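Here's the structure we're looking at; comments come further down.
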Amino acid sequence: MINKTNRQLFLEHVAQTSPTPMGIEIVGAEGSYLFGSDGKQYIDLIGGISVCNIGHKNPAVVNAIKEQAEAYLHVMVYGEVVQSPQVKYAELLASQLPAHLDCVYFTNSGSEATEGALKLARRVTGKSDIICCNKAYHGNTLGALSIMGDEYWRNAFRPLLPGVGHYDFNSRELIDAVNENTACVIIETIQGEAGVIVPDNNWLKALRSKCDDTCTLLIFDEIQCGFGRTGKMWGFQHYNVEPDILLLGKALGGGMPLGAFISSHQLMATLTVNPVLGHITTFGGHPVCCAAGMAAMNVLMQDAIIEHVPEKEALFHSLLKHPAIVSVRSKGLLMAVELDSATSVSQTLKSCLDKGLFSDWFLFAPEYIRVAPPLTISEEDIRKACAIILSCL
Ligand code: PLP
């Protein structure tokens, strides 16, 4: 019998949804680098898609995982017994958030955080309509898919949730559409998959006030833009506008699967009556994931990593200058580098991979290269990464 390679087995037995998976085999990762089974090393310019904000294999995170694994793994479904990693992490998160965001419901993923938030908004308001944005990404489960801002990805899976209205980010139309029947408005504070679109401050303020006037809950999805990615711990801190419900995921787990929807104790309490157990999960808030996530958040704060994001963002801007680069959009180290077409992007990404640079494109902006490295990336590696990109253009 001929032994198959892991790549062949990957294509045969691991369900594929990408017609062209990168398919390089990873055998290790450390700091801002990935190591391939072919002996090559790659600068990681996407950090697991905004997950590995403190870099790969941070010793504090690895130790937290080991210690918790020695103590206990799964013991009981969510919310029945006191598990110190969950409790401590929820307390830490609350301490870094506005006072009304003091109650954390942990989930397994960002998509599940979205689902929980939509249910909470309906339960609290007794209303069902949802307003969201074109080019928005909130996950891939059916509820989250219903509010995804692109018909191409929605159309094969209908019927989806009724009562959903899509409008342009930053548009007056979106604010005008919010009315007494709206349960919630859900937006990414900074749109990620749209290719990094920042909100207009006055728009966010006007949206907040329209939500208040119509008893509509405002949900900020910071699954991609939270945890220092944009140069502040939370994206909304750039704008002085606060949500009623905050969604976190990705970097929340420090490399382990974890999501959360966070609101006030008062709003969350509605999920305990009519029906009781208004939202349940077996694994959400897994103790190992919470231990890892808390260790990662502590590193992020103690090592003052976020403080250096603006200077690293500026360095990328100063280096990414080339006639083939149409524009560079960014908020912190969430950056989108525009080329003239999606084809140019895919060709460039392929050459970059060959030269040891690992990056990607954006779901709703395929003519942009994604630049979202670990926030800990060194100046030297930024220079190396940009030199590779320029040499591939
Ligand atoms: N929301 C945003 C803004 C995201 O970027 C993502 C994932 O890319 C999600 C939600 C969904 O998270 P997950 O893939 O963990 O379900």
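Where a number appears in this text, it was derived from the coordinates with a stated rule and is not lab data. In this text, all values refer to a predicted model and were calculated from it rather than measured experimentally. With ideal geometry, Cβ positions are generated from the backbone for all residues, glycine too; neighbour counts draw on all protein chains shown.
Points to keep in mind about this one:
- Any chance Leu142 is away from the ligand (no atom under 13 Å from the Cβ) and surrounded by fewer than 18 Cβ atoms within 10 Å (Cβ to Cβ): no
- The listed residues are Val241, Val288, and the only one of them that is more than 16 Å from the ligand (Cβ to nearest atom) and over 30 Å from Gly126 (Cβ atoms) turns out to be Val288.
- As for segment 11-21, it holds no residue that is in contact with a Gly (Cβ under 6 Å, 6 or more places away or on another chain), surrounded by 11 or more Cβ atoms within 10 Å (Cβ to Cβ), under 30 Å from Ile388 (Cα atoms) and in contact (Cβ under 8 Å) with a residue 12 or more places away in the chain.
- Restricting segment 36-67 to residues that are in a loop (DSSP other than H, G, I, E, B), in contact (Cβ under 8 Å) with a residue 60 or more places away in the chain and of a type outside the set (A, V, I, L, M, F, W, C) leaves a set whose member that is farthest from Asp381 (Cα to Cα) is Asn58.
- Segment 338-351: number of residues that are surrounded by fewer than 20 Cβ atoms within 10 Å (Cβ to Cβ) and either within 23 Å of the chain's Cα centre (by Cα) or not in a loop (DSSP other than H, G, I, E, B) (or both): 8
- Consider segment 68-83 and keep the residues that are closer than 23 Å to Thr272 by Cβ and touching a residue at least 40 places away in the same chain (Cβ under 8 Å). The one that is farthest from the chain's Cα centre (by Cα) is Val75.
- Of residues in segment 98-134 being among the polar types (S, T, N, Q) and part of a loop (DSSP other than H, G, I, E, B), the one nearest to the ligand (Cβ to nearest atom): Ser109
- Whichever residue in segment 89-128 is of a type in the set (S, T, N, Q) and surrounded by fewer than 18 Cβ atoms within 10 Å (Cβ to Cβ) and, among such residues, is farthest from Phe236 (Cα to Cα): Ser128
- Residues of segment 44-72 classified as surrounded by 24 or more Cβ atoms within 10 Å (Cβ to Cβ) and of a type in the set (Ser, Thr, Tyr), total: 1
- Gly249 being closer than 22 Å to Val309 by Cα and within 11 Å of the ligand (Cβ to nearest atom): yes
- Per this entry, Ile223 is counted among residues that are touching a Gly at 6+ places or on another chain (Cβ under 9 Å), of a type in the set (Val, Ile, Thr) and within 22 Å of Val104 (Cβ to Cβ).
- Residues being in a loop (DSSP other than H, G, I, E, B), out of contact with any helix residue (DSSP H, G or I) (no Cβ under 7 Å at 6 or more places or on another chain) and within 24 Å of Ser263 (Cβ to Cβ) - total across segment 135-161: 4
- Matching residues, segment 360-391, being touching a residue at least 60 places away in the same chain (Cβ under 8 Å) and under 16 Å from the mean Cα position of the chain (by Cα): Asp360, Phe362, Leu363, Phe364, Arg370, Val371, Ala372, Pro373, Pro374, Leu375
- Selection status of Ala94, more than 16 Å from the ligand (Cβ to nearest atom) and in contact with a helix residue (DSSP H, G or I) (Cβ under 9 Å, 6 or more places away or on another chain): no
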